[in-house]
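The values are calculated or read from the model by the stated rules, or taken from the named source; none is laboratory data. Every value quoted in this text rests on a predicted model; they were computed, and no experiment measured them. Here the Cβ positions follow ideal geometry from the backbone for every residue, glycine too, while neighbour counts run over all protein chains shown.
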Amino acid sequence: MTSSERPVTGEPAWADPVLVPGGPVVVRPLDLGAGARPGDRGQAAAVATRAFHHDPLFEHLEPRALERSRGLGWFWLACLEASGPRARCYGAWQGERLLGVSVWFPPGAYPLPLAGQARELLGGLRALWRRPPGLLDGLRYLLAIDRAHPKEELWYLFLLVVDPLVQRCGLGARLQAPGMAAADAEGLDCYLETQKAENLPYYRRFGYEVLEELRPAPSGPPMWTMRRPAGAAPRAS
């Protein structure tokens, strides 16, 4: 067995431990629905809050750092609660500490049911009610995302976040792998949105290409939609 080969364990490659500062991290399915363990949704929302704190869209919607952090926590908790039983969620765990999350919507799981959409909107309202211009622009982005979303069947990467302390250690690739493997097995494309220009070359490494640049708010940052064809081979970074 060469150093590039892995032993046959019955587990997929994405389940192999990843060594990061503080110890190994293991990616495994994460239940954020009715069967979620106490505290798991809160941990997932906290990781998303830290990962998006300096995101250009959320800085635009709420420039004040403290209010942005508080609002992100409310918003992501609402989104995770709204994701529903059909979402496929994965967590990167270092012991009992959650360091990364991916949320995939398989075909037919998006758009969310009306109750889930209402919960998301209430989370956004709670996050931004003290800043009406940000709330209005946030609604513009949500509507643009909905309009741009493809109508055919595909796998939608709704959320991919890694704690900033352990980014660039390979956890993002591991958290994407289960959804991409499922999409490839079904012969379906993958789809996502990102509002960070530096993410474009990152996602291209996995076979994604830009579909469209959206500018939902005149003074807000652009957002890009990206699509990965089924079976796309990874590219060298």
Quick one: in segment 183-195, which of the residues that are surrounded by 16 or more Cβ atoms within 10 Å (Cβ to Cβ) and more than 13 Å from the chain's Cα centre (by Cα) is nearest to Val101 (Cα to Cα)? Ala183
Kindly evaluate Val103 against the criterion of being touching a residue at least 40 places away in the same chain (Cβ under 8 Å), of a type outside the set (D, E, K, R) and either in contact with a helix residue (DSSP H, G or I) (Cβ under 6 Å, 6 or more places away or on another chain) or over 21 Å from Ala36 (Cα atoms) (or both). no
Do we find a residue being in contact with a Phe, Trp or Tyr (Cβ under 7 Å, 6 or more places away or on another chain), modelled with pLDDT of 95 or more, of a type in the set (Ser, Thr, Tyr) and closer than 22 Å to Glu213 by Cα anywhere in segment 149-162? yes
Can you tell me how many residues within segment 137-184 are without any contact (Cβ under 8 Å) to a residue 24 or more places away in the chain and either among the hydroxyl-bearing types (Ser, Thr, Tyr) or in a helix (DSSP H, G or I) (or both)? 3
Which residue out of Tyr191, Tyr203 is part of a helix (DSSP H, G or I) and of a type in the set (Ser, Thr, Tyr)? Tyr203
Please go through segment 16-39 and give me each residue that is surrounded by 12 or more Cβ atoms within 10 Å (Cβ to Cβ), free of Cβ contacts under 8 Å to residues at least 60 places away in the same chain and under 20 Å from the mean Cα position of the chain (by Cα), ordered by number. Asp31, Gly33, Ala36
For the structure I just gave you, tell me whether Glu62 is more than 30 Å from Pro218 (Cβ to Cβ) and acidic (Asp, Glu). no
How many residues does segment 58-68 contain that are closer than 19 Å to Arg140 by Cα and surrounded by fewer than 18 Cβ atoms within 10 Å (Cβ to Cβ)? 2
Give the residues of segment 213-229 that are within 15 Å of Leu154 (Cβ to Cβ) and either in contact with a Cys (Cβ under 8 Å, 6 or more places away or on another chain) or outside any loop (DSSP other than H, G, I, E, B) (or both), sorted by residue number. Thr225, Met226, Arg227, Arg228
Looking at (1) modelled with pLDDT of 95 or more; (2) surrounded by fewer than 19 Cβ atoms within 10 Å (Cβ to Cβ); (3) not acidic (Asp, Glu), which one does Gly71 not meet, given that it meets all the others? (2)
